[in-house]
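The values are calculated or read from the model by the stated rules, or taken from the named source; none is laboratory data. Since this is a predicted model, take the numbers as computed values, not measurements. Virtual Cβ from ideal backbone geometry, glycine too; neighbours counted across all protein chains shown.
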Amino acid sequence: MGEYYNYLWKATWIEALGILLLGIFILLRTIWKFYSVAQKEMKLTAKLLLVFRGFGWLTIFTAYLLMFQASEPDWFARPVVVQGGIQGKSMVSDTLHPYSVEIEWESGRETLHVDLYTYQALEPGKRVNMTFLPHRLEVIACEILPPVKEKKEDGVKLGQGNGGKL
């Protein structure tokens, strides 16, 4: 999980830092207001005004948090880890993610975006263990697995009813 959030931080640090600083600002401002107001006696209207302002700041922070969730949904989702085979790879020169591979596993098939080094290391037919962002479909970790050794069949199968003779 640490690798997942480290990758997200590197990709979206400006937005994440903005929402973090806004949350800290609102929290410190609210604590300061309650502390400074608690020093003296308050009328009912002053208490209601303080609560209303608190809800106002909470509404503002919620709106920014919802905008952050809409633009960066991977922060609120778990990474997807799959083990499967590479079915193909493609390169498109005029896009944000020029290198992509198609992976198939037991429950699905997906085209994922990779970096140049991963693209060069992967070939169709290789088995891999990949961790990727569920919404952006960017691979954050890729492990190439050794090929599966298949059992060789013997020339004579036992129990054919011929006593083992050819």
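Could you list, in sequence order, all residues of segment 110-127 that are among the charged types (D, E, K, R) and under 23 Å from the mean Cα position of the chain (by Cα)?
E110, D115, R127
Report yes if G23 is more than 20 Å from the chain's Cα centre (by Cα), at positive phi and of a type outside the set (S, T, N, Q), otherwise no.
No, not satisfied.
Pairs please, first residue from segment 59-82 and closer than 24 Å to E106 by Cβ, second anywhere and of a type in the set (V, I, T), Cβ atoms under 9 Å, 6+ apart in sequence or on different chains.
Taking only residues 6 or more apart or on different chains, the pairs are D74/T12; P79/T131; P79/I140; V80/T131; V81/T131; V82/I103; V82/V128; V82/T131.
Would you check if A16 is among the small types (G, A, S), outside the structural domain of I140 (by TED's automatic domain parsing), surrounded by 14 or more Cβ atoms within 10 Å (Cβ to Cβ) and under 28 Å from I144 (Cα atoms)?
When the stated conditions are applied, A16 does not pass them.
Search segment 42-100 for residues being β-branched (V, I, T) and part of a helix (DSSP H, G or I), and hand back the single one that is farthest from L8 (Cα to Cα).
T45
Go through segment 112-137 and count every residue that is out of contact with any helix residue (DSSP H, G or I) (no Cβ under 8 Å at 6 or more places or on another chain) and under 22 Å from Y5 (Cα atoms).
Result for segment 112-137: 12.
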